[in-house]
Amino acid sequence: MKIITDQRCVEYAAPGHPERPQRVRGAVEALRGAEGLKISWAEPVEAGEETLLRAHTAEHLRRLEEAFDFDADTPAYPRIAQHARRSVGGALRALQAAREGETSFSLMRPPGHHATAGRAMGFCYLNSVAIAALAGQAQGFGRVAVFDFDVHHGNGTEDILLDRPDVAFFSIHQFPCYPGTGQRNRGGNCFNYPVAPQTPREEYRAIFSSALAELKKFKPELVAVSAGFDAYRGDPLAQETLEAEDFHWLGQSVRALGVPAFSILEGGYSDELPQLILAYLQGLEV
Ligand SMILES: [Zn+2]
């Protein structure tokens with residue numbers, strides 16, 4: 001199991017913001033102390049301009065360098081462009097590990113799945129998962145699927161991947177909830193599974209299962225996972241019911257797909273986040 005992280009990703013914060021340094025700091029501590037998980041640590045690789053431009057506009061990359069907040073949730077932290085690029089670099093390193101046949105998880109912030117081609121929003125600045133999926137394709141994976149189990153709709157990933165050939169996007173998320181999209185499928189390749197608030201976990205799992213069955217039919221050669229842990233019952237930003245063992249089951253389910261896969265951290269804002277990540281990684285590894 002390759003875990004990609006970089007301590008600089010905890011160097012920015014805003015008072016009271018739920019997307020806080022402790023999310024990664026706590027998870028690193030929990031993983032260092034974890035028994036039964038053989039971890040090799042790695043650092044993000046450099047994310048070059050050409051790689052970013054597959055998913056984002058040049059205008060957006062310029063805008064990231066400016067010191068104006070994008071919206072109330074998405075401040076222009078000092079050096080946020082570098083932080084976001086490093087988070088992309090974590091996803092690219094995770095992709096590299098997947099290519100080498102290793103299970104991998106990028107434990108970085110900021111998250112990325114709300115960032116569209118031209119806009120930062122919802123705590124997200126650059127769309128790491130979409131960038132890495134497209135990089136995977138450029139590196140020779142013919143068909144690439146993105147599986148997004150964060151409780152929020154991956155609107156940015158959908159925006160970037162919509163109708164791209166040989167790429168498919170599957171998002172399972174609470175609806176209604178932020179950002180208000182994802183009620184129905186879009187184009188020929190974006191499949192959305194809206195889930196009502198307070199859906200019992202057995203039902204939530206059944207929806208995951210049907211999404212994974214559809215994903216299998218797409219016959220991907222590579223699966224990129226937007227791993228968000230905010231469908232947890234104790235998460236302050238949504239109203240779902242999942243337990244740690246459901247994330248363990250998700251890990252097992254991704255592994256059971258039997259194709260190269262890598263995962264990156266998206267959301268998850270409860271104090272239990274480290275245990276949820278650990279449960280997922282143990283599922284991936286078993
Ligand atoms: Zn989320």
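Of note:
- DSSP assigns beta bridges within the chain; of those with both partners inside it, close to 10 percent run antiparallel.
- Cα centroid separation - the stretch 54-110 against the stretch 150-188, whole Å: 19 Å
- Projecting the Cα atoms of 227, 70, 174 onto the charge dipole of the chain (Cβ charges, centred on the Cα centre) puts 227 farthest toward the positive pole.
- A simple spin-label model places pseudo-atoms 7 Å from Cα toward Cβ; at residue 139 and residue 162 they are separated by 2.8 nm.
- Of all aspartates and glutamates in the structure, the ones whose alpha carbon falls short of 15 Å from that of residue 38, not counting any fewer than 8 places away in one chain, are 29, 102, 285.
- Rounded to the nearest Hz, the phi-derived 3J(HN,Hα) couplings of the stretch 110-124 under the Karplus curve 6.51 cos²θ - 1.76 cosθ + 1.60 (θ = phi - 60°) are x, x, x, 6, 8, 6, 8, 4, x, 8, 8, 6, x, 6, 10, where x marks glycine and proline.
- Rounded to the nearest 500, the 222 nm mean residue ellipticity of the chain from helices alone is -11000 deg cm²/dmol, with -39,500 (n - 2.57) taken per DSSP H run of at least 4 residues.
- Cβ-Cβ distance of residue 196 and residue 14, R₀ of 35 Å, FRET efficiency by 1/(1 + (r/R0)^6): the value works out to about 0.65.
- Under 15 Å from the Cα of residue 217 - aspartates and glutamates, other chains or at least 8 residues apart: 166
- Placed amide H near residue 225: partners under 5 Å, 5+ positions off or other chain: 147, 262, 263, 264
- Cα lying deepest toward the dipole's positive end in the chain, options 118, 188, 137, charges on Cβ: 137
- Using a Förster distance of 35 Å, the FRET efficiency for residue 203-residue 271 (Cβ separation, nearest 0.05): 0.85
- Nearest-0.05 FRET efficiency for residue 68 and residue 219, computed from C-beta distance (R0 45 Å): 0.55
- Relative contact order of the chain, pairs being alpha-carbon contacts under 8 Å that are 6 or more residues apart, as %: 19 percent
- Extension reserve of the residue 40-residue 22 stretch, reckoned as 0.36 nm per residue once the Cα distance is removed: 4.3 nm
- Within the stretch 2-41, backbone nitrogen closer than 12 Å to the virtual label 7 Å beyond the Cα of residue 79 toward Cβ: 7-13
- Contour minus Cα-Cα distance for residue 252 and residue 58 (0.36 nm per residue): 66.0 nm
- Residue by residue, the stretch 251-264 carries 3J(HN,Hα) couplings of x, 4, 5, 5, 4, 5, 5, x, 10, x, 9, 9, 10, 10 Hz when phi is fed to the Karplus relation 6.51 cos²θ - 1.76 cosθ + 1.60 (θ = phi - 60°); x denotes Gly or Pro.
- Accessible-area composition of the chain, carbon plus sulfur, in percent [1.4 Å probe]: 48 percent
- For residue 143, the amide hydrogen comes within under 5 Å of the amide hydrogens of 221, 222, counting only partners 5 or more places away or on other chains and with H modelled in the peptide plane.
- Across the stretch 33-42, rounded Karplus estimates of 3J(HN,Hα) from the backbone phi angles (6.51 cos²θ - 1.76 cosθ + 1.60, θ = phi - 60°) give x, 6, 8, x, 10, 8, 10, 10, 8, 9 Hz, Gly and Pro being marked x.
The values are calculated or read from the model by the stated rules, or taken from the named source; none is laboratory data. Bear in mind the structure is a predicted one, so any value in this text is a computation, not a measurement. Ideal geometry is used to build each Cβ from the backbone, glycine not excepted, and the neighbour counts take in all protein chains shown. Calculation scope for accessible area: heavy atoms of the full protein, side chains included, ligands and nucleic acids excluded. Shrake-Rupley method; radii C 1.70, N 1.55, O 1.52, S 1.80 Å.
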